[in-house]
1. Could you tell me whether any residue of the range 53-68 is closer than 21 Å to A16 by Cα and within 18 Å of the chain's Cα centre (by Cα)?
2. Within the range 186-202, is there a residue that is open to solvent by 60 Å² or more (accessible area, probe 1.4 Å), aliphatic (A, V, I, L, M) and within 17 Å of L144 (Cβ to Cβ)?
3. Being among the small types (G, A, S) and either touching a strand residue (DSSP E or B) at 6+ places or on another chain (Cβ under 8 Å) or under 20 Å from V26 (Cα atoms) (or both): is that true of S89 here?
4. Quick one: would you say V82 is among the β-branched types (V, I, T), at pLDDT 95 or above and open to solvent by 70 Å² or more (accessible area, probe 1.4 Å)?
5. Residues in the range 95-104: is at least one open to solvent by less than 50 Å² (accessible area, probe 1.4 Å), touching a Ser or Thr at 6+ places or on another chain (Cβ under 8 Å) and in contact (Cβ under 8 Å) with a residue 40 or more places away in the chain?
6. List the strands (runs of 3 or more DSSP E) inside the range 20-79, counting only whole elements, that have at least 3 residues being touching a Gly at 6+ places or on another chain (Cβ under 7 Å) and open to solvent by less than 30 Å² (accessible area, probe 1.4 Å).
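The values are calculated or read from the model by the stated rules, or taken from the named source; none is laboratory data. None of these values were measured; they are calculated from a predicted model. Here the Cβ positions follow ideal geometry from the backbone for every residue, glycine too, while neighbour counts run over all protein chains shown. Accessible surface areas use protein heavy atoms only, side chains included; no ligands, DNA or RNA. Shrake-Rupley method; radii C 1.70, N 1.55, O 1.52, S 1.80 Å.
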Amino acid sequence: MFVIIVGGGKVGEHLARLLQKGGKHVRLVEQRGESIPALKRDLGEEAVFYGSGTDPRLLESAGVREADVVAAVTGADETNLVVAGLCRSEFRVPRVIARVNHPKNLWMFTPKLGVDVALNQADILSHLVAEEMSLGEMMTLLKLTKGEYSLVEEKVHPKSAVAAKAIREMELPAQSVIAAVIRGGKLLVPRGDLVLQAGDEVLAVVHAAEIPRLSALLGAPAAEG
């Protein structure tokens, strides 16, 4: 896979290193001259291009017409939008990813403006923090069929009614099903003999009306809050 990254700040440099380690062909575009020597030293002379990612000629010299993905990750939302639009309309890049620095600008990062995936860093960070705080609190990951059903995630509370019980022993709400269990970063198939442990992340599909019952089953007893 050939990836062009526009923006050589901390995010862009880290992403480039990560992709190179994964065997991807990476080229990085950065317009701050003072950053170029260090970037070339870390990523390789041929991987770094000096100039603005909004310059079509520079993008062409970096090989944008052959790129599978372009990631615009500068610290300026307007620059990321221009790069995305240019790569999609002018160069027909198959996939364009753009960083959103300010959440209020998220509404502009749409496929119509060339963005396939908008990465809202504030939103991502908020969800990560919320996930770490979610022991015994249910999070809705995805709403299905006009909101009647949801894909939810909840960590099993140490004092919940199902901790140390096999799935077949659980009295699940009628309109709910456990889709997966994640333990220590590993995905476990939720067979009937699987014993739930405190801290397990349970992913379930549940009807909106049954969410409180499922949450009460996996979460802390009422007295514990």
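1. No.
2. no
3. Considered against the rule, which asks whether it is among the small types (G, A, S) and either touching a strand residue (DSSP E or B) at 6+ places or on another chain (Cβ under 8 Å) or under 20 Å from V26 (Cα atoms) (or both), S89 comes out as no.
4. Working: among the β-branched types (V, I, T): yes; at pLDDT 95 or above: yes; open to solvent by 70 Å² or more (accessible area, probe 1.4 Å): yes.
Spelling it out, V82 is indeed among the β-branched types (V, I, T), at pLDDT 95 or above and open to solvent by 70 Å² or more (accessible area, probe 1.4 Å).
5. Taking the range 95-104 as the starting set, the residues that turn out to be open to solvent by less than 50 Å² (accessible area, probe 1.4 Å) are 96-101.
Filter again for touching a Ser or Thr at 6+ places or on another chain (Cβ under 8 Å), leaving 99.
Then keep just the ones that are in contact (Cβ under 8 Å) with a residue 40 or more places away in the chain; that gives 99.
Checked the range 95-104: at least one residue is open to solvent by less than 50 Å² (accessible area, probe 1.4 Å), touching a Ser or Thr at 6+ places or on another chain (Cβ under 8 Å) and in contact (Cβ under 8 Å) with a residue 40 or more places away in the chain.
6. Working: elements: 25-30, 48-50, 69-72.
By residue number, 25-30.
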